[in-house]
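Chemist: Take a look at this one; I'll ask things after.
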Amino acid sequence: MHQNNLKQVKIEELIDSAISKPIVTHIYTADPSAHVFNNKIYIYPSHDIDAGIPFNDNGDHFGMEDYHVISMDTIDSDAVDNGVALHVNDVLWAEKQMWAPDAAYKNGKYYLVFPARNKRGIFQIGVAVSDSPTGPFKAEPLPIKGSYSIDPAVFEDEDGSFYCYFGGIWGGQLQKFRNNKYDEANELPKANETALGPIVAKMTDDLLQFAEEPKEIKILDAFGNPLLEGDNDRRFFEASWVHKYKGKYYFSYSTGDTHFICYAIGDSPYGPFTYAGRILNPVIGWTSHHSICKFDDKWYLFYHDSSLSKGITHLRSVKVAEITYNEDGTINTLNPYK
Ligand code: FUB
């Protein structure tokens, strides 16, 4: 049998054995940031389209233009697509590539926090505000001052403080920054050097700006040493997410080119976080991106794969599966296919 046919048979078998189905099938969705607002589930995903842009390692083929918010009354109920919540044409500072967003709620307002390339081709992070969790959202005229790179995730701590985590290497441009400054000459560290960490900044009370200089987060191994750039199975690539479980901060992320969703545990929203294992094994498609959310006393992993498009890496679909913890606080690894 021809190699491509073999590959196709393998994908069909994997799709058949998937542990969950796409939440919506009429559009492609990815990078799901899930939240419970007013006892209902709201998913803030990327809206994948085929923009006709050739594939490259920069991810230029991820040419998304808008966001749709998906809502569900319960984890098993039908998902509702609430239409266009924000379009790139309505964001003054943004040029293209509306990548993975997140959302937050405070004092009666909903905040969509999203990355896009500005007119100079540099990723920044913007905020758009609405009275409704489903939008439409009105974008601030400028991006967050001092923001850069991709994949913002907004975490609300129990004291009411909000933190924005962000960053992604390769197309996400994090490797071009050191100490929050861009230099085109900057590249990834060498394999035996400390890997680049994700970035965190506390947000201002109005959730429109960073309240402090962004700081790099350390992810350590069990011996307290920082993970190295060559440790591709464990080092940070993109897709930050933070949740709290039994008083500990869980920082989860994608390892990118090795396709794992991993997590690390710490005692502060700023880290350091100690690597603790894998949450999700590789999915169909190149990227893996997730969020973790509690609903009705159960914990769920929202993630995506490219099963609906039969493996087209930039045409992904959001899925959900329950995750479970062990007594020691570790999370049991999910296999997306049986
Ligand atoms: O959706 C575009 C990019 O792909 C996201 O920003 C990354 O996390 C990856 O999922």
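Chemist: Filter segment 35-71 for residues that are on the phi < 0 side of the Ramachandran plot, more than 15 Å from the ligand (Cβ to nearest atom) and modelled with pLDDT of 95 or more and give the result. Let's see the steps before the verdict.
Modeler: Residues of segment 35-71 on the phi < 0 side of the Ramachandran plot: 35-37, 40-51, 53-58, 60-71.
Add one more test, that the residue is more than 15 Å from the ligand (Cβ to nearest atom), and what stays is 35-37, 40-42, 54, 69-71.
Of everything in segment 35-71, those that are on the phi < 0 side of the Ramachandran plot, more than 15 Å from the ligand (Cβ to nearest atom) and modelled with pLDDT of 95 or more turn out to be H35, V36, F37, K40, I41, Y42, V69, I70, S71.
Chemist: Tell me which residues, restricted to segment 250-272, are in a strand (DSSP E or B) and under 17 Å from the mean Cα position of the chain (by Cα).
Modeler: We begin by selecting, within segment 250-272, every residue in a strand (DSSP E or B); these are 250-254, 261-266.
Y250, F251, S252, Y253, S254, I261, C262, Y263, A264 - these are the residues of segment 250-272 that are in a strand (DSSP E or B) and under 17 Å from the mean Cα position of the chain (by Cα).
Chemist: Write out, first by first residue and then by second, each pair whose Cβ atoms fall under 9 Å of each other, whose residues are 6+ apart or on separate chains, and whose first residue, in segment 45-59, is part of a loop (DSSP other than H, G, I, E, B) while the second is surrounded by 15 or more Cβ atoms within 10 Å (Cβ to Cβ) and among the basic types (K, R).
Modeler: Listed pairs, sorted by first residue: A51/K96.
Chemist: What are the pairs, 6+ residues apart or on separate chains, where a residue within segment 118-135 that is touching a residue at least 40 places away in the same chain (Cβ under 8 Å) and assigned to a strand (DSSP E or B) has its Cβ under 8 Å from a residue that is crowded, with 18+ Cβ neighbours inside 10 Å and of a type in the set (D, E, K, R)?
Modeler: F123/R117
Chemist: For a quick check of your reading of the model, give me the residue pairs whose first member lies in segment 27-40 and is closer than 18 Å to I292 by Cβ and β-branched (V, I, T), whose second is away from the ligand (no atom under 16 Å from the Cβ) and at pLDDT 95 or above, with beta-carbon atoms closer than 7 Å and at least 6 apart or on different chains.
Modeler: V36/C293; V36/F295
Chemist: Please determine, by comparing only the residues of segment 269-306 that are within 15 Å of the ligand (Cβ to nearest atom) and polar (S, T, N, Q), which one is farthest from S77 (Cα to Cα).
Modeler: If we take residues in segment 269-306 being within 15 Å of the ligand (Cβ to nearest atom) and polar (S, T, N, Q), then T287 is farthest from S77 (Cα to Cα).
Chemist: If Q175 satisfies every condition in (1) buried (at least 22 other Cβ atoms within 10 Å of the Cβ); (2) within 20 Å of G121 (Cβ to Cβ); (3) within 16 Å of the ligand (Cβ to nearest atom) but one, which is the exception?
Modeler: (1)
Chemist: Considering only residues that are aliphatic (A, V, I, L, M) and more than 15 Å from the ligand (Cβ to nearest atom), look in segment 309-338 and name the one that is farthest from P45 (Cα to Cα). Show your work before the answer.
Modeler: Our first condition is that a residue be aliphatic (A, V, I, L, M); within segment 309-338, this holds for 312, 315, 318, 320-321, 323, 331, 334.
Subsequent filtering for residues that are more than 15 Å from the ligand (Cβ to nearest atom) retains 320-321, 323, 331, 334.
Values: V320: 13, A321: 16, I323: 20, I331: 24, L334: 21 Å.
Going through the qualifying residues, I end up with I331.
Chemist: Still on this structure: Tally up the residues in segment 283-311 that are touching a residue at least 40 places away in the same chain (Cβ under 8 Å), surrounded by 17 or more Cβ atoms within 10 Å (Cβ to Cβ) and not in a strand (DSSP E or B), please.
Modeler: Result for segment 283-311: 10.
The values are calculated or read from the model by the stated rules, or taken from the named source; none is laboratory data. Because the structure is predicted, anything quoted here is derived from the model rather than measured. Methodologically, a virtual Cβ is constructed for each residue, glycine included, from the backbone with ideal geometry; neighbour enumeration extends over all protein chains shown.
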